[in-house]
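Scroll down for the structure; my scribbles are underneath it.
The values are calculated or read from the model by the stated rules, or taken from the named source; none is laboratory data. Note that the coordinates shown come from a computational prediction; the quantities given were computed from them, not determined experimentally. Cβ sites come from the backbone with ideal geometry, for glycine too, and all protein chains shown count toward neighbours.
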């Protein structure tokens with residue numbers, strides 16, 4: 001039986017070392033290399049042909065989700081199964097990862113046994129989501145189904161509702177990032193997605209929506 005060939009992608013060396021220590025010694029898993037960025041990953045993919053990528057979400061440059069989407073839109077890499085790892089899983093990032101084509105999603109506080117099971121499942125074409133992640137996914141689908149059955153056409157995630165409320169309160173992108181402990185780029189991404197979902201064009205329209213839908217009271 002051939003070994004499962006994997007590449008670890010995380011911009012923190014200490015976390016890559018931790019993941020490596022959990023996997024090393026498994027007779028059926030071979031670690032081909034490690035990458036801390038998109039450019040480093042592409043260099044590795046030029047030399048190796050992994051079966052599974054262990055992909056962090058937060059990376060310098062393109063995010064783990066962006067990289068997942070790029071790779072799986074390229075016929076040269078569509079055979080690779082991507083397992084997303086996140087320190088603080090949020091509903092919107094989980095759903096984005098699934099839409100990008102990720103076959104699995106685990107929180108970074110996962111157990112060694114769960115990580116190894118996920119790697120082995122992905123290597124044979126299965127999907128793997130930890131129980132906590134599966135619960136979030138199920139809740140997301142149930143919420144959307146309820147909105148559709150009630151005639152609603154738009155569903156904002158909990159994080160998007162937080163963002164739109166803080167925008168309505170007059171906070172800047174930097175202040176929102178500090179309040180929610182996320183990056184400014186993530187705030188901008190959320191705002192753009194909110195505007196696309198709701199068909200809004202300006203911040204003023206976003207504030208009006210928040211007031212009208214009781215997300216913010218002046």
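Quick check on this structure: which one of 76, 92, 121 is under 22 Å from residue 191 (Cβ atoms) and surrounded by fewer than 21 Cβ atoms within 10 Å (Cβ to Cβ)? Show your work before the answer.
Details: 76 fails: under 22 Å from residue 191 (Cβ atoms); 121 fails: under 22 Å from residue 191 (Cβ atoms).
It is 92.
So which residues in segment 86-104 are at pLDDT below 95 and not in a loop (DSSP other than H, G, I, E, B)?
86, 91, 92, 93, 94, 95, 96, 97, 98, 99, 100
Kindly establish whether residue 105 is buried (at least 22 other Cβ atoms within 10 Å of the Cβ) and under 30 Å from residue 181 (Cβ atoms).
Working: buried (at least 22 other Cβ atoms within 10 Å of the Cβ): yes; under 30 Å from residue 181 (Cβ atoms): yes.
Against the criterion (buried (at least 22 other Cβ atoms within 10 Å of the Cβ) and under 30 Å from residue 181 (Cβ atoms)), residue 105 qualifies.
Name the helices (runs of 4 or more DSSP H) wholly inside segment 149-218 in which the number of residues that are under 24 Å from residue 94 (Cβ atoms) and modelled with pLDDT under 85 is 3 or more.
Correct list: 184-198.
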